[in-house]
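Report on the following structure.
Bear in mind these aren't lab numbers, they're just calculated from the coordinates by the rules spelled out. Not measured: the values here are computed from a predicted model.
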Amino acid sequence: MLDNRINIDQPVYKMIQDHPEILDVLVELGFEPLANPTLLQSVGRVTSLRQGAKIINKPLASIIENLEWNGYQIITNQDLTE
């Protein structure tokens, strides 16, 4: 079974390393800079999806809903410590 868990608190670079197919979804959601490999390598290594949502002024709930619709299970760092 595939692990489709997405941790919205981990850097987006790591998320894309684990799930390369999610890059297209994120770009469609408004994270166009991630399509630039240089920005993905730099900003993507220190910015989480939660932080990125604030940067592009998009409600995190909307992003989560879209990711869940695309078959991903959303987790947070808090989920990992419980």
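Assorted remarks:
- Angle between the chain longest axis and helix 60-69 axis [Cα atoms, degrees, rounded to 10]: 70
- In order along region 16-28, the phi-based Karplus estimate (6.51 cos²θ - 1.76 cosθ + 1.60, θ = phi - 60°) of 3J(HN,Hα) comes to 6, 4, 6, 9, x, 5, 6, 4, 4, 5, 5, 4, 5 Hz; Gly and Pro are listed as x.
- Extension gain for Ile55-Glu21 works out to 10.0 nm (0.36 nm per residue, less the C-alpha to C-alpha distance).
- Rg then Dmax, both in Å and based on the Cα atoms of region 5-75: 10.7, 29.
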